[in-house]
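First the structure, in the form of structure tokens, and then the observations on it.
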Amino acid sequence: MAIKDSTAVDVAVDRFHPEGRVQRPSGAARRRRILRRLTPYLFIAAAVALLVLLTYWPAANLLYFSVTDWDGLDQDLNYVGADNYVRVFTDPRIFEVFYVSLYYFGASFIQIGLALYFATILSFNTRFKNFFRGVLFFPYLINGVAIGFVFLYLFQPDGTLDTVLSWFGLADPPQWVGDPDIANWSLAGTSVWRYMGMNFVLFLGAIQSIPSDIYEAAELDGANKWQQFWAIILPGIRRILGLCFVLSIAGSLSVFEIPFIMTGGANGTSTFVIQTIQTAFTHRQVGIASAMAIVLLAIVLAVTFVQRKLFPDEKVDLT
Amino acid sequence: MTTIHSVPRPGARIQRVTVGTAKYLSLVIAAVVTLVPLVTVLFASLKTPTEYGSTSALTPPSNWFNFANFVTAFDSGKMLEGFANTAIVLTVSLAGTIFIGTMAAYGLDRFEFRGKRLVFGLFLIATLIPGVTSQVATFQVINGMGLYDTKAALILLFMGTDIIAIYLFIQFMQAIPNSLDEAAMIDGANRWTIYWRIVLPLLKPAIATVVIIKGIAIYNEFYAPFLYLPSEGLISTSLFRFKGPFGAQWEVISAGTLIVIVPTLIAFLFLQRWIYKGLTSGAVK
């Protein structure tokens, strides 16, 4: 599709009525032509209106609130310049929650590793393949609140986890969610349980789209499964793997549901998003909360930009 | 589907058996780790309060048909209201998403117009904006429209934030040949008729995918109903409110949790193929 650059005529080029057609500018014809120019805009109007109203207008407002001291209620708000941003980066109570993201970031490596392992072995000939695929994937579909309760129950003192550990002779287990030194590990583990299936299914799809004759050729050349993994599978899914790593950075910065549902951010498990939400809706400091939201947005955009540079939409060439 | 048939080589047999055992062992362990948390919740939900207090989490219930906790959860937990509200919000939002999304996709795929690239860019960048934090400002918009604490707020939000759906529709529409449109045009059909009579019916598979994927997403959505609809419950928020009144009554909380999970399980068992396909195409644009 070539985009016709018609600078002189502000017009929507309708493929079936190209411009060159001569038309007497009678009233009816003119109305029809205007309508035709408007047609594409009418089709996209609702979607664009909602996009602007619910995404870009709030985003612009965030920028505006972030340089004020607004509390979300009063009519008056004062311009405070970059004060809010300075606070976001200097107030230890705000900034230290970034460290909590590191637990989830670390966990995401385990998550991607496990997903890659299971996707690889299930792409080879395996019994009960669909059963295992279904079981590993299903947690991703479960309601977040339900997952929160399932794991709160699992982590209870004398609960499932403690009972299982006692079978292996591990008495005196810690308070999995109550102890601030342990809580973040428990929550990050829950997050791995929840999201691993999604990475797994993505990897499995990518591996299965590699043409099977490549494996057959490798088999004939005497390559074992391990060599096939390094030489065929890994390069074949490089792009999706890169995408998952980058998404895990953005994901670990915006962790929200699991800690919010399970601990409400108590015991040192508060994340940046929980902190932002509480600043805005509990402490009524919309100005600072907006600055926090903008900082997060800037980081996510930067990460995505780097990802696009590192892993452009290339077709992987295996031949 | 790619399956690799190993060519038997002498000497490699023993090694292959060990590797095979390790493979199945790891799969079984993974399945156990995935299922045990859910199974223990099932155990707890079928126990009486005294039984729950006196048995370990991994002891199966004595009576597998003790549904008393489910009745308590459903009644006192107001889960019926949650399901009804979720159904309303789900239906209206899905219908809205489909109409708005297919129309936008039709406009973007079948026309050339000024500002098209800009619109594409706007949609693309919007996928990157983190959802929860921007609620700080979205809340003010919804509140300003007088929609706070109404289901309309949720419906509007769910309709307005679905960019993935538009991409899926566009992807699918590119496969519908233009000659169909042209033929209809020659027969005198206008653009709306073409969209409504020709393109929309052909988009059925894409619509089904969007209904499933977005349906699950709305069913699971927690923060939007928590923030925008405090006085009523959607299914997530009804369950979340178990935290207070049922405090340590884990047998009731477990029952409520399962009531939320079971519809997802049923949907998954029947729609597996669509779910895998939809999620994969949605994630890798």
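The values are calculated or read from the model by the stated rules, or taken from the named source; none is laboratory data. If you're wondering where the values come from, they're calculated on a predicted model, not measured in any experiment. Note that each Cβ is placed from the backbone with ideal geometry, even for glycine, and that neighbours are counted across all protein chains shown.
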Do we find that residue A:107 is surrounded by 15 or more Cβ atoms within 10 Å (Cβ to Cβ), more than 8 Å from chain B (Cβ to nearest Cβ) and out of contact with any strand residue (DSSP E or B) (no Cβ under 9 Å at 6 or more places or on another chain) in this structure? yes
Extreme residue, farthest from residue B:126 (Cα to Cα), among residues of segment B:144-163 that are more than 9 Å from chain A (Cβ to nearest Cβ) and assigned to a helix (DSSP H, G or I): B:151
Scope segment A:80-115; condition assigned to a helix (DSSP H, G or I), of a type outside the set (Val, Ile, Thr) and over 25 Å from residue A:258 (Cβ atoms); matching residues: A:83, A:84, A:85, A:87, A:89
Here are B:169, B:139: which of them is among the aromatic types (Phe, Trp, Tyr) and either outside the structural domain of residue B:104 (by TED's automatic domain parsing) or within 15 Å of residue A:52 (Cα to Cα) (or both)? B:139
Specify which of the listed residues (B:77, B:96) is touching a residue at least 60 places away in the same chain (Cβ under 8 Å) and closer than 30 Å to residue A:44 by Cβ. B:96
Those residues of segment B:44-72 which are within 25 Å of residue A:192 (Cα to Cα) and free of Cβ contacts under 8 Å to residues at least 24 places away in the same chain, in sequence order: B:57, B:58
Residue list for segment B:87-141, restricted to those being assigned to a helix (DSSP H, G or I), among the polar types (S, T, N, Q) and closer than 21 Å to residue A:297 by Cβ: B:135, B:138, B:140
Can you work out which of the residues in segment A:34-50 that are free of Cβ contacts under 8 Å to residues at least 12 places away in the same chain and more than 7 Å from every other protein chain (Cβ to nearest Cβ) is farthest from the chain's Cα centre (by Cα)? A:34
The helices (runs of 4 or more DSSP H) lying wholly within segment B:195-285 that contain at least 3 residues that are in contact with a helix residue (DSSP H, G or I) (Cβ under 7 Å, 6 or more places away or on another chain) and more than 27 Å from residue B:166 (Cα to Cα) are B:235-240, B:250-283
May I ask you to verify whether residue A:130 is part of a helix (DSSP H, G or I), within 13 Å of chain B (Cβ to nearest Cβ), under 27 Å from the mean Cα position of the chain (by Cα) and farther than 28 Å from residue B:100 by Cβ? yes
Are any residues in segment B:142-169 buried (at least 17 other Cβ atoms within 10 Å of the Cβ), at pLDDT 90 or above and β-branched (Val, Ile, Thr), and if so, which ones? B:142, B:155
For the subset of segment A:252-261 comprising residues that are at the interface with another protein chain (Cβ under 10 Å from one of its Cβ atoms) and assigned to a helix (DSSP H, G or I), which member is farthest from residue B:230 (Cα to Cα)? A:253
Report yes if residue A:35 is modelled with pLDDT under 85 and either surrounded by 15 or more Cβ atoms within 10 Å (Cβ to Cβ) or among the hydrophobic types (A, V, I, L, M, F, W, C) (or both), otherwise no. yes
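A quick yes/no check of all residues on (1) surrounded by 14 or more Cβ atoms within 10 Å (Cβ to Cβ); (2) in contact with a strand residue (DSSP E or B) (Cβ under 7 Å, 6 or more places away or on another chain); (3) over 20 Å from residue A:245 (Cα atoms); (4) among the hydroxyl-bearing types (Ser, Thr, Tyr):
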site: A:144; (1), (2), (3), (4): yes, no, yes, no
site: A:168; (1), (2), (3), (4): no, no, yes, no
site: A:177; (1), (2), (3), (4): yes, no, yes, no
site: A:198; (1), (2), (3), (4): yes, no, no, no
site: A:233; (1), (2), (3), (4): yes, no, no, no
Count, please, the residues in segment A:57-71 that happen to be surrounded by fewer than 17 Cβ atoms within 10 Å (Cβ to Cβ), aromatic (Phe, Trp, Tyr) and more than 7 Å from chain B (Cβ to nearest Cβ). 1
For segment A:260-271, indicate whether the set of residues that are at pLDDT 85 or above, over 30 Å from residue B:136 (Cα atoms) and aromatic (Phe, Trp, Tyr) is non-empty. no
The condition of being among the β-branched types (Val, Ile, Thr), away from chain B (no Cβ under 11 Å) and in a helix (DSSP H, G or I) holds, among A:288, A:249, A:274, only for A:249
Going by what's in this entry, would residue B:63 be described as modelled with pLDDT under 90 and more than 13 Å from chain A (Cβ to nearest Cβ)? yes
Tally of residues being in a helix (DSSP H, G or I) and facing chain B (nearest Cβ under 8 Å) across segment A:207-225: 8
How many residues does segment A:292-308 hold that are touching a helix residue (DSSP H, G or I) at 6+ places or on another chain (Cβ under 6 Å) and more than 10 Å from chain B (Cβ to nearest Cβ)? 1
Touching a residue at least 60 places away in the same chain (Cβ under 8 Å), within 21 Å of residue A:250 (Cα to Cα), β-branched (Val, Ile, Thr) and within 7 Å of another protein chain (Cβ to nearest Cβ): is that true of residue B:132 in this structure? yes
The condition from (1) touching a residue at least 60 places away in the same chain (Cβ under 8 Å); (2) surrounded by fewer than 18 Cβ atoms within 10 Å (Cβ to Cβ) that residue A:122 misses is numbered (2)
Return the only residue of B:201, B:225 being more than 19 Å from residue B:106 (Cα to Cα), at pLDDT 90 or above and more than 10 Å from every other protein chain (Cβ to nearest Cβ). B:225
Looking at this structure, is residue A:188 buried (at least 21 other Cβ atoms within 10 Å of the Cβ) and more than 13 Å from chain B (Cβ to nearest Cβ)? yes
